[in-house]
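The values are calculated or read from the model by the stated rules, or taken from the named source; none is laboratory data. Quick caveat, the model's predicted, so the values are computed rather than measured. Ideal geometry is used to build each Cβ from the backbone, glycine not excepted, and the neighbour counts take in all protein chains shown.
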Amino acid sequence: MLLPETEKRMTNLRTRSAAWEPVPGNPGLRFRYYVATDIGAVRATNEDNFIVQPEMGLFAVADGMGGHAGGEVASLLTSEQMRKVIGALEGEAASTADPTIEVTSAGISEATLRAQEAELILNVGDSRAYRYADKALMQLTEDHTTEGQVEVGGVTRMRRYLTRTVGGSKGTASPPDCFYLRCYPHDRFLLCTDGIWGKLLDEQLIGCLRMPDPKDACAQLIKGAIRAGSTDNLTALIVDLMATPEERSEEEGSGESVDPTILSMGE
């Protein structure tokens, strides 16, 4: 039985997965996914959340800002907000959607991947989306952060601050970065919160993403970040793409390869 995204966490680890399914709107591709979110080694609660709507091809991770009131509730509310935003960006129900993804609670950061022939990527904050293809890792999203000094116990340290968030006070929510991305068979996408990428080098991410089973890859990402000293909640979501049997036969017969391309909005 799959755990719904809003179910209260009963253990340190919460997961959801599905085997190969047709990609909505693209009969030539199938996808599978696996997602895991873990409370980590330090935090008392897990404010991270994930959004999985296979029938829409919608996948997201939402990072509730630790220590901020309502952070966990805010990340749970993101699911409905994301559906509204996608409808507005694609010309559906634009009059009722909020293009700034406003929520009436503490700010969160999230990265979203929508699986279709031309993927729609939305990003606010410092959760990341990556593509792993042809043994190479590409960061697709830009971190909305800046660094500043903060004094802790009489010691001045550098600290990373978010420059864009989902939510905040009414009317001040930040618009997301939006772009389209062509995807191809054998692409693997990783969405993760900074509890993971903040402690693992790209080489370590690649080492995990080389694992054929997305369940093993997610588990290793979380374990590796905890071993590396992560004090945050941790969430990893992997989406794999594969051609349908008919498309694979045509691809093998042609011997052609296509170059992954990021498209600007509206192309």
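General remarks:
- Screening the candidates D232, D240 for the property of being modelled with pLDDT of 50 or more and within 24 Å of R32 (Cα to Cα) yields one hit, D240.
- Within the range 177-212, considering residues that are acidic (D, E), surrounded by fewer than 18 Cβ atoms within 10 Å (Cβ to Cβ) and touching a residue at least 24 places away in the same chain (Cβ under 8 Å), the one farthest from E47 (Cα to Cα): D202
Here is a yes/no grid of residues against (1) among the charged types (D, E, K, R); (2) at pLDDT 95 or above:
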position	(1), (2)
V155	no, no
M158	no, no
P175	no, no
L200	no, yes
D213	yes, yes
A219	no, yes
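- Test: E267 is in a helix (DSSP H, G or I), at pLDDT below 80 and either farther than 16 Å from Y34 by Cα or more than 17 Å from the chain's Cα centre (by Cα) (or both): no
- Annotation: R227 fulfils all but one of (1) more than 30 Å from W20 (Cα to Cα); (2) modelled with pLDDT of 95 or more; (3) in contact with a Phe, Trp or Tyr (Cβ under 6 Å, 6 or more places away or on another chain); (4) not acidic (D, E); the unmet one is (3).
- Qualifying residue in the range 30-46 (condition: crowded, with 19+ Cβ neighbours inside 10 Å and of a type in the set (D, E)): yes
- Residue check: A136 meets all listed conditions (1) closer than 22 Å to F50 by Cβ; (2) at pLDDT 95 or above but one, namely (1).
- Taking the criterion of being in a strand (DSSP E or B), within 17 Å of the chain's Cα centre (by Cα) and modelled with pLDDT under 90, the residues of the range 16-46 that qualify are R16, A18.
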